[in-house]
Each structure stands twice: as structure tokens, then as C-alpha cells.
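The values are calculated or read from the model by the stated rules, or taken from the named source; none is laboratory data. This one's a predicted model, so the numbers in the text were calculated from it and none came from an experiment. For neighbour counting, all protein chains shown are included, and Cβ atoms are generated from backbone atoms with ideal geometry for every residue, glycine included. For the accessible areas, the whole protein counts, side chains as well, though only heavy atoms, and no ligand, DNA or RNA atoms are used. Shrake-Rupley method; radii C 1.70, N 1.55, O 1.52, S 1.80 Å.
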Amino acid sequence: MGAVFNHFDDRGNAVMVDVSAKPSTIRTAIAQGSITVSPEVFQAIAEGTAAKGDVLGVARVAGIMAAKNTAGLIPLCHSLALSHLAVDFTCEVDTHTIQGRCTARTTGQTGVEMEALTGISAALLTIYDMCKAMDRGMVLSDIRLIYKDGGKSGVFSREEAT
């Protein structure tokens, strides 16, 4: 059986999925991605000497703010009462890569995957924005869902999430 796209009505019009009959469950999603920067940018971020200030601190807040506003950015997403959001970074010295991870949680009738993906995307874009004067060749990559639980579809986990 093929995938069913439920964001369309019987006439092909885009619609928000009706989740009113679904039970509320605790739902968690984790998304991650990375940005590879020049050695100079990596050093400035790690040492906190970037001209625009605390790059990772600002990116963390930007990711949280973006995740909270997902329904305003993605047309058919539901507004969610988020109970937890976190954005964390790991700096990989040998590759000048900053790995980011966004965790989102709610108790509700629909999942938080889009919030986690939006959060990590905005966090990485913020790093790019704050450092672009030093390096316009930065590369954002590997933005993806690595874990989700809750709801009828159960648990999804990529190997690297374990």
C-alpha cells in the first residue's frame, strides 16, 4: 500500500488535518543538523570572540523561538502547546563542524517533528547569519529527524540516535 497524503481533501485542496478525535499523548521529537565553517570561524565561535557575540547562545535562543513559531511558518502545521524545547551543540574540532540538536516535547493530538526540524534549521541559519562576514562558504547539512515517539505511529529512531 502506498503512502497516504492526508493534507488534501477529496477535491485536491490543501487542508489542515483534523486531529480532534485523536487522543492526547506525550510526544517527543529530536532533529539534528550541522554547519561546517572555516577554521577561523570555528575558533571565533569556540573562543567566544565573534564580532556579533555569543554565537551559540544566540543560535540556541533562535532555535527555541523558531520552534515555538512553527505553525506560523509552515502553513498546515497545528499550533502546539510545547512543554519542552532544547537546542544543544557539539563542536567537532577536526572537521570545523558544529553539530546541533533540537528536542521538542508536548502532550497533544499531533506530533512535534516539524517543531524540532524548524528549531534546528533556524539555529543553524543563525550561526550562518552571525558569521557570514567572516565566511560565506559555510555549509549547512544533514538536517533530519533522528527520533520521535508518541501517537499512533509509535517510535521512529535512526541508528545515530541510540
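Listing for the model above:
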read-out	value
The chain - mean residue ellipticity at 222 nm from DSSP helices (-39,500 (n - 2.57) per run, n ≥ 4, rounded to 500)	-8500 deg cm²/dmol
Cut-off under 5 Å, modelled amide H: who pairs with residue 17 long-range	none
Scaled radius of gyration (Cα, divided by 2.2 N^0.38 Å) that segment 66-162 gives	1.18
Accessible area per residue, Å², segment 1-134 with all protein chains present, probe 1.4 Å	54
Packing-based order for 75-81, 85-91, using average beta carbon neighbours within 10 Å, highest first	85-91, 75-81
10 Å Cβ shell holding at most 15 others, DSSP loop, trypsin sites (Lys or Arg not before Pro): longest site-free stretch of the chain	53-131
Eligible lysines near residue 148 by straight Cα distance, threshold 19 Å, same-chain separation 8 or greater	22, 68
